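The values are calculated or read from the model by the stated rules, or taken from the named source; none is laboratory data. The structure presented is a predicted model; accordingly, all values stated were derived computationally and were not measured. For neighbour counting, all protein chains shown are included, and Cβ atoms are generated from backbone atoms with ideal geometry for every residue, glycine included.
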């Protein structure tokens, strides 16, 4: 025969076992309710196509793409994330299917499938759409070599969607298109650089922060000279910032010395919550909306939106 104390202990064990899922559900609902209460920011006069690129791996590129996209959506902006990385990590974080055979960026670039046929809504975040990436995308660079105007396939798809442009396109127009690039400077990244007008570069606050950045900037200059004169480095985001170390502050100062006002005032802190979120198929914005990482990404998104209004 069980006492009340035994039942209480048993209930506590069940509650503890259910904590991860229960917490994730609670935080998702909390994020949705907060985003509904949060006053929307003014929409830009035309779609801002932003390429998130850095050929150095592990700098928080995909993490920044999905969390900034979620933050912008919570600020009332209509956002499209284009996953150009064959690993499909952005698709995973946004809870969008990307198993082999799913329509996505491969079909968009190689088969000339219309953009509106491959777009999927993010189930957790209103106003956020995704073009998923499958493992098929790994062979796209080889298949595109013999295609005419191969560098402009993504730009053609975006402009042909009827949802990228100025306010004359109506309410369904995307306000932001964030393109998550693979950690290389191949044909996929080149398609992104031709399609976008703005380049957002995440840089981690570590010793090798600027290593390899020169090659990326040279590529940007070549693209600007020959394929896309509108491309500009508009935003630098400092990630993995540890305020306890002099090194992080020194790197941040060095980056700001190189890029000036292009560097966002908001730094993204090194955070376990940010790293945990993708394992639950979420961004940190829904996984733990009150965490320092989520609040920092939201503020960075707000800063990006404000810079667009000032431009």
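Mind listing just one residue for me: the one in the stretch 193-206 that is at pLDDT 95 or above and farther than 14 Å from residue 233 by Cβ and, of those, nearest to the chain's Cα centre (by Cα)? That would be 195.
Yes or no: the stretch 130-145 includes at least one residue that is in a loop (DSSP other than H, G, I, E, B) and out of contact with any helix residue (DSSP H, G or I) (no Cβ under 9 Å at 6 or more places or on another chain).
Taking the stretch 130-145 as the starting set, the residues that turn out to be in a loop (DSSP other than H, G, I, E, B) are 132-134, 145.
With out of contact with any helix residue (DSSP H, G or I) (no Cβ under 9 Å at 6 or more places or on another chain) added as a condition, the list becomes none.
The answer is no; no qualifying residue exists.
Has the stretch 117-125 got at least one residue that is part of a helix (DSSP H, G or I) and either over 20 Å from the mean Cα position of the chain (by Cα) or touching a residue at least 12 places away in the same chain (Cβ under 8 Å) (or both)? Checked against the condition, which is being part of a helix (DSSP H, G or I) and either over 20 Å from the mean Cα position of the chain (by Cα) or touching a residue at least 12 places away in the same chain (Cβ under 8 Å) (or both), the stretch 117-125 yields at least one hit.
Candidates 274, 255: the one that is part of a helix (DSSP H, G or I), touching a residue at least 40 places away in the same chain (Cβ under 8 Å) and closer than 13 Å to residue 68 by Cα is 274. Scan the stretch 177-191 for residues that are over 17 Å from residue 91 (Cα atoms) and either assigned to a loop (DSSP other than H, G, I, E, B) or under 14 Å from the mean Cα position of the chain (by Cα) (or both) and the total you get is 3.
Residue 99 satisfies every condition listed in (1) modelled with pLDDT of 95 or more; (2) in a loop (DSSP other than H, G, I, E, B) except (1). If you go through the stretch 279-295 one residue at a time, do you hit one that is modelled with pLDDT under 90, in a helix (DSSP H, G or I) and within 16 Å of residue 64 (Cα to Cα)? Looking for residues that are modelled with pLDDT under 90, in a helix (DSSP H, G or I) and within 16 Å of residue 64 (Cα to Cα), one finds at least one in the stretch 279-295, hence yes.
Restricting attention to the stretch 51-88, the residues that are farther than 14 Å from residue 125 by Cα, assigned to a helix (DSSP H, G or I) and out of contact with any strand residue (DSSP E or B) (no Cβ under 8 Å at 6 or more places or on another chain) add up to 0. Here is a check on your reading of the model: is residue 290 more than 16 Å from the chain's Cα centre (by Cα) and on the phi > 0 side of the Ramachandran plot? Answer is no for this residue.
For residue 199, the criteria (1) more than 20 Å from residue 117 (Cα to Cα); (2) part of a helix (DSSP H, G or I) hold in every case but one, which is (2). Counting the residues of the stretch 185-197 that are touching a helix residue (DSSP H, G or I) at 6+ places or on another chain (Cβ under 9 Å) and in contact (Cβ under 8 Å) with a residue 60 or more places away in the chain gives 8.
Among the candidates 176, 207, the residue that is within 28 Å of residue 135 (Cβ to Cβ) and either loosely packed, with under 13 Cβ neighbours inside 10 Å or in contact with a strand residue (DSSP E or B) (Cβ under 8 Å, 6 or more places away or on another chain) (or both) is uniquely 176. Being without any contact (Cβ under 8 Å) to a residue 60 or more places away in the chain and not in a strand (DSSP E or B) is true of residue 210. Evaluate the stretch 35-49: report whether one residue or more is surrounded by 18 or more Cβ atoms within 10 Å (Cβ to Cβ), outside any loop (DSSP other than H, G, I, E, B) and modelled with pLDDT of 95 or more. Yes, that holds for at least one residue.
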